Amino acid sequence: MLSLTALVGVLLLGVLPGLIVAAGLSLVLVIRLLSRPPVGTLGRDPATGVWGRLDRHPGAEPAPGVMVVRSDGPLFYANIVYVREWILATAAAEGSRTVVIDLSTTGDLGVETLDELAELADALEKRGVDLRLAAVLAPVHDALERSGLAARVAIAPTVDDAVSADGPRTPSPSRPSR
């Protein structure tokens, strides 16, 4: 679609103006995708034990009473409000007692994101819903520690650990080797 737009722009406006139009549309599409990333609930494949999006893996089974969520992109200031609202609405609709956020796609958290996660934890707590974080990378864990959120929210090394009734709380994730 974008290539077709560039072609039409070049044919109608000339080379440079047509490419500028295509570049501008590309930028708009990237901003739109980053600000509203695909977010979905996860289920566990009984055969392999792998967690995957329920809408993409029909054989996956959701954990009873637990809503496991993952954003298909990193969480940051431009999309965290959208993701927080999606989680609150979906958790209310499903009647979940526990929400697990798989943070494996997020390499770092900024101040705005940490504030919104704290607001999410507060909103869920008011509803009697437990918030847990899973698959937290070392830089994200460090940010959670600095913000004080790590003391309020359970952090587990894997989604399986977070889903289990007594998911272990980790003092810090293992540091990836470089």
Legend entry - Subset of segment 106-136 that is surrounded by 19 or more Cβ atoms within 10 Å (Cβ to Cβ), of a type outside the set (D, E, K, R) and not in a helix (DSSP H, G or I) - its residue that is farthest from the chain's Cα centre (by Cα): VAL129
Legend entry - Members of segment 137-149 that are loosely packed, with under 14 Cβ neighbours inside 10 Å and either touching an Asp or Glu at 6+ places or on another chain (Cβ under 9 Å) or assigned to a loop (DSSP other than H, G, I, E, B) (or both): GLY148
Inset, instruction - Look through segment 63-87, keep the residues that are in contact with a Gly (Cβ under 8 Å, 6 or more places away or on another chain) and modelled with pLDDT of 95 or more, and return whichever of them is farthest from VAL39 (Cα to Cα). - result: VAL68
Inset, instruction - Would you check if GLY49 is assigned to a loop (DSSP other than H, G, I, E, B), modelled with pLDDT under 95 and either at positive phi or surrounded by 20 or more Cβ atoms within 10 Å (Cβ to Cβ) (or both)? - result: yes
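Would you confirm whether or not segment 77-97 contains a residue that is in the same structural domain as ARG152 (by TED's automatic domain parsing), assigned to a strand (DSSP E or B) and under 17 Å from the mean Cα position of the chain (by Cα)?
Just the residues of segment 77-97 that are in the same structural domain as ARG152 (by TED's automatic domain parsing), to begin with: 77-97.
Still in the list and also assigned to a strand (DSSP E or B): none.
Checked segment 77-97: no residue is in the same structural domain as ARG152 (by TED's automatic domain parsing), assigned to a strand (DSSP E or B) and under 17 Å from the mean Cα position of the chain (by Cα).
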Inset, instruction - For VAL39, work out the one condition from (1) surrounded by 11 or more Cβ atoms within 10 Å (Cβ to Cβ); (2) in contact (Cβ under 8 Å) with a residue 24 or more places away in the chain; (3) more than 20 Å from the chain's Cα centre (by Cα) it doesn't fulfil. - result: (3)
Legend entry - From GLY148, GLY128, residue being in contact with a Lys or Arg (Cβ under 8 Å, 6 or more places away or on another chain) and either modelled with pLDDT under 95 or not β-branched (Val, Ile, Thr) (or both): GLY128
Legend entry - Failed item, numbered, when ARG70 is tested on (1) closer than 24 Å to LEU149 by Cα; (2) free of Cβ contacts under 8 Å to residues at least 12 places away in the same chain: (2)
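The values are calculated or read from the model by the stated rules, or taken from the named source; none is laboratory data. Computed from a prediction, not measured in an experiment: that's the story for all the values here. Virtual Cβ from ideal backbone geometry, glycine too; neighbours counted across all protein chains shown.
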